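See structure below.
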């Protein structure tokens, strides 16, 4: 990023190559649309480039990048809500949707088809459960589990205190447990909907 600050086009291209897939995966999960996620990722990288001269190395670059991504996603979701647009639901077999949970239940080619089907079902149930979380809880969970960020890093990205993140993640885990309980206990599909307080 320091090279980008010094106007190196090659360094900027390298940053895009290193972070684009992770960013699009996160934004797809937040927005529910691969197309919108790709547009948002472009906007995020454009903001990074515009802010290059004011970049000061402090926290990790990824923390700074995901802070910008969080703000861009939040703005886009607010705009979408104001317009009352309906977003298409991701389908299980839709190959254009990147799902960060895919690595939780990857099926190897040597596994029996029944096991692959069970893993695909579990992956879809987990995706639906995470989508049932409010925007802030979902973002905190994604940054914690899929980006491996600690409370302090997530707090910086989301502009909250580490204690607030700890509390947010605890509530998110409780909500996920509640949503996933019917599936885990009885094999029933969970009933998913946003939690009451929209967190």
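The values are calculated or read from the model by the stated rules, or taken from the named source; none is laboratory data. The model shown is predicted, which means the values in this text are computed figures rather than measured ones. Every residue, glycine among them, receives a Cβ derived from its backbone with ideal geometry; neighbour counts consider all protein chains shown.
Values for this structure:
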read-out: Lone qualifier among 16, 24 - being surrounded by 14 or more Cβ atoms within 10 Å (Cβ to Cβ), touching a helix residue (DSSP H, G or I) at 6+ places or on another chain (Cβ under 9 Å) and touching a residue at least 40 places away in the same chain (Cβ under 8 Å); value: 24
read-out: Residue 163 being part of a helix (DSSP H, G or I), exposed (fewer than 14 other Cβ atoms within 10 Å of the Cβ) and modelled with pLDDT of 85 or more; value: yes
read-out: Residue in the stretch 61-70 that is farther than 15 Å from residue 157 by Cα, without any contact (Cβ under 8 Å) to a residue 60 or more places away in the chain and out of contact with any strand residue (DSSP E or B) (no Cβ under 7 Å at 6 or more places or on another chain) present; value: no
read-out: Yes/no for residue 120 being modelled with pLDDT of 80 or more, outside the structural domain of residue 67 (by TED's automatic domain parsing) and part of a helix (DSSP H, G or I); value: no
read-out: Residue in the stretch 36-43 that is in contact (Cβ under 8 Å) with a residue 40 or more places away in the chain, assigned by TED's automatic domain parsing to the domain that holds residue 67 and closer than 25 Å to residue 128 by Cα present; value: yes
